[in-house]
1. I need the GluC sites (Glu not before Pro) found in the range 45-87, filtered to DSSP loop residues with at most 14 other beta carbons within 10 Å of theirs.
2. Computed over the Cα atoms of the chain, what is the convex hull's projected area averaged over all directions, in nm²?
3. Which longest run of the chain has no exposed loop site in it, a site being trypsin sites (Lys or Arg not before Pro) in a DSSP loop with at most 11 other beta carbons within 10 Å, and the site itself not part of the run?
4. Between LYS64 and THR30, what FRET efficiency follows from the Cβ-Cβ distance if R0 is 41 Å, with the result rounded to 0.05?
5. Would you calculate a helix-derived [θ] at 222 nm for the chain, using -39,500 (n - 2.57) for each DSSP H run of n ≥ 4 and dividing by the full residue count, to the nearest 500?
Amino acid sequence: MKTTQTFGVRFIALPKINDQNEAYIYARITISKKVIDISLKKTVQHSLWDSRREYIISKTPEAKQINKFIDDTRYRIMECYQQLLLEHKVISPHAIKTLYLGETKVDNTLLGLIDYHNNNMKTILSWVL
């Protein structure tokens, strides 16, 4: 079976604008040459970042915690990819990012609107009767 998409997750450290010694950690998702970055909201000293291994090369408790967070994030992003694959949805970096961040849009339907109306009108109509 031939695959038509490539999928990859890398972790990169991009230096802060105002401080070149500190860097923000990002997860970079690539699918068929389309790229999107997700900020992990973590910082690291740029000299401690190992770009080949995509980890912090320090044994401090904070470094171990961030390395574990990176592993957990990689696992969650892979889960999002698998979920989209199993649901036969369009797989794109943006779709994985929205699923990872929990920003999935709830589709409103007419039946859902009727249920919402009926549930909210019960309390209002009970006062009238």
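No value in this document is a laboratory result; all are computed from the given coordinates. The model shown is predicted, which means the values in this text are computed figures rather than measured ones. Backbone-built Cβ (ideal geometry, glycine too); neighbour counts: all protein chains shown.
1. Passing both the DSSP loop test and the Cβ count: GLU87.
2. 14.0 nm²
3. It runs 3-32.
4. For R0 = 41 Å, the calculated efficiency reads 0.90.
5. On the way: 3 runs with 54 residues, N = 129.
Taken over the chain, the calculation gives -14000 deg cm²/dmol.
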